[in-house]
1. Residue check, Thr134 against (1) of a type outside the set (Lys, Arg); (2) under 25 Å from Thr14 (Cα atoms); (3) open to solvent by less than 40 Å² (accessible area, probe 1.4 Å), all met but one. Which one?
2. Between Arg45, Arg19, Arg39, which is over 24 Å from Val108 (Cα atoms), modelled with pLDDT under 90 and open to solvent by 90 Å² or more (accessible area, probe 1.4 Å)?
3. Answer with yes or no whether Ala120 is open to solvent by less than 40 Å² (accessible area, probe 1.4 Å) and either among the acidic types (Asp, Glu) or farther than 23 Å from Thr36 by Cα (or both).
4. What are the residues in the range 100-137 that are part of a loop (DSSP other than H, G, I, E, B) and in contact with a strand residue (DSSP E or B) (Cβ under 7 Å, 6 or more places away or on another chain), if any?
5. From the list Ala6, Ala51, Ala10, which one is open to solvent by 30 Å² or more (accessible area, probe 1.4 Å), outside any loop (DSSP other than H, G, I, E, B) and not basic (Lys, Arg)?
6. Show the residue pairs meeting these rules: Cβ distance below 6 Å; 6+ apart or different chains; first residue within the range 12-26 and over 12 Å from Ile122 (Cα atoms); second residue part of a loop (DSSP other than H, G, I, E, B) and at pLDDT 90 or above.
7. List every residue pair whose Cβ atoms lie under 6 Å apart, where the two residues are 6 or more positions apart in sequence or sit on different chains, the first residue falls within the range 54-74 and is more than 11 Å from Val28 (Cβ to Cβ), and the second residue, located anywhere, is in a strand (DSSP E or B).
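The values are calculated or read from the model by the stated rules, or taken from the named source; none is laboratory data. Please read these numbers as outputs of a predicted model, since none were measured by experiment. Cβ: placed from backbone, ideal geometry, glycine included. Neighbour counts: every protein chain shown. Quick note on the areas: whole protein, heavy atoms, side chains included, nothing else; ligands and nucleic acids left out. Shrake-Rupley method; radii C 1.70, N 1.55, O 1.52, S 1.80 Å.
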Amino acid sequence: MGGLPATLTAYSQTLGPVRASASVAGRVNLKDTVRTSQRRGQSVRRAYGGASLSGHDPVNDFARFRGRLTPLLTVVSPQGTGVASAANGERLAVLARRVGADVRVVPVKGPHLFGGYMNAGIGRQIGEFFSAVTRGAL
């Protein structure tokens, strides 16, 4: 679940300002993650050791984050059942756009992290996105 901590770090700015964030089939909805299966929910609750999940959810706590204007690229697939795009990447894109962040959504086809997610074309789009941020074009 690398998408969750990476996106949380970007939006909460725990390591200082982050200039841009890219999520490839990333889980960014902790509440949805807990509901996906009993085993996963138990794993998340153990990881939090009984502490509140509040403030640690890029989607459900988005309005509270200082870095919510951070440019975002998200790669999503409606066919991906491992991470539901509508509740995760697509939802985060809607929230970020709503507050005025620059957002790019890259739709792909296929199951979670299948070939549609991992190929040279997707890599180029991610590279171009970060290059645009570096040049100040976003």
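1. (3)
2. Working: Arg19 fails: modelled with pLDDT under 90; Arg39 fails: modelled with pLDDT under 90.
Answer to the check: Arg45.
3. Working: open to solvent by less than 40 Å² (accessible area, probe 1.4 Å): no; either among the acidic types (Asp, Glu) or farther than 23 Å from Thr36 by Cα (or both): yes.
Here the answer is no, as Ala120 does not meet what is asked.
4. So in the range 100-137, the residues part of a loop (DSSP other than H, G, I, E, B) come out as 100-102, 108-119, 136-137.
Residues satisfying the conditions are Ala101, Val108, Tyr117.
5. Working: Ala51 fails: outside any loop (DSSP other than H, G, I, E, B); Ala10 fails: open to solvent by 30 Å² or more (accessible area, probe 1.4 Å).
None of the other options fit; the residue is Ala6.
6. Ser12/Phe65; Gln13/Arg66; Gln13/Gly67; Val18/Thr70; Ala20/Pro71; Ser21/Thr70
7. Once the first residue is more than 11 Å from Val28 (Cβ to Cβ) and sits in the range 54-74, its partners that are in a strand (DSSP E or B) give Thr70/Ser21; Leu73/Ala22; Leu73/Arg104.
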